[in-house]
Amino acid sequence: MVFLIMELDHLKQYCAQKPGTQESYPFGPDTLVFKVGGKMYALTGIDEKPLRVNLKCDPEQAQVLRAMHKNIIPGYHMNKEHWNTIILDGLLPDELIFRLIDESYSLVVEKLPRLTREALANS
């Protein structure tokens, strides 16, 4: 990807490429949720400036990322052990943001039933 992921459209475009991704608004019209297999892997407030995205994260990795980057904080309104909020104001490299989205997606997929995982792998 060549764009900067600081805009909602870019975030949506990146997440939409992931197999089985569905967008929904289960918490109201202001919070966009990305799910795979019916489970959340990313959510964002669509009107936030700067844009923020909550991503699932390995608990140990979550702590390391927070210590290394001031724009990665404990997940807002989420289980702070397993979720980080990433502030997308241009200070974090795109490669890191993409990797964190990928990891969040993977963490959710690996907990899905085997048949669901196989269907995603074949799509």
### Task
Hey, could you check the range 45-64 for residues that are hydrophobic (A, V, I, L, M, F, W, C) and closer than 17 Å to Tyr105 by Cα and say which is surrounded by the most Cβ atoms within 10 Å (Cβ to Cβ)?
Leu55
### Task
Return a yes/no flag: does the range 3-17 have any residue that is in contact with a helix residue (DSSP H, G or I) (Cβ under 7 Å, 6 or more places away or on another chain), under 18 Å from Ile97 (Cα atoms) and assigned to a strand (DSSP E or B).
no
### Query
Looking at this structure, is Asn71 surrounded by 15 or more Cβ atoms within 10 Å (Cβ to Cβ) and within 13 Å of the chain's Cα centre (by Cα)?
no
### Message
Given the options Leu88, Leu107, Leu96, Leu112, name the one that is under 13 Å from the mean Cα position of the chain (by Cα), touching a residue at least 60 places away in the same chain (Cβ under 8 Å) and surrounded by fewer than 18 Cβ atoms within 10 Å (Cβ to Cβ).
### Response
Leu107
### Query
Looking at the range 36-61, which of its residues are small (Gly, Ala, Ser), more than 17 Å from Pro74 (Cβ to Cβ) and without any contact (Cβ under 8 Å) to a residue 60 or more places away in the chain?
Gly38
#### Entry: Boolean, Lys80 is surrounded by 15 or more Cβ atoms within 10 Å (Cβ to Cβ) and at pLDDT below 95
yes
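Conditions tested, residue by residue: (1) of a type in the set (S, T, N, Q); (2) under 20 Å from Phe27 (Cα atoms).
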| residue | (1), (2) |
| --- | --- |
| Val53 | no, yes |
| Glu60 | no, no |
| Val64 | no, no |
| Asn84 | yes, yes |
| Pro93 | no, no |
| Leu96 | no, no |
| Pro113 | no, no |
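The values are calculated or read from the model by the stated rules, or taken from the named source; none is laboratory data. This structure is a prediction, so every number in the text was calculated from the model and none was measured. Backbone-built Cβ (ideal geometry, glycine too); neighbour counts: all protein chains shown.
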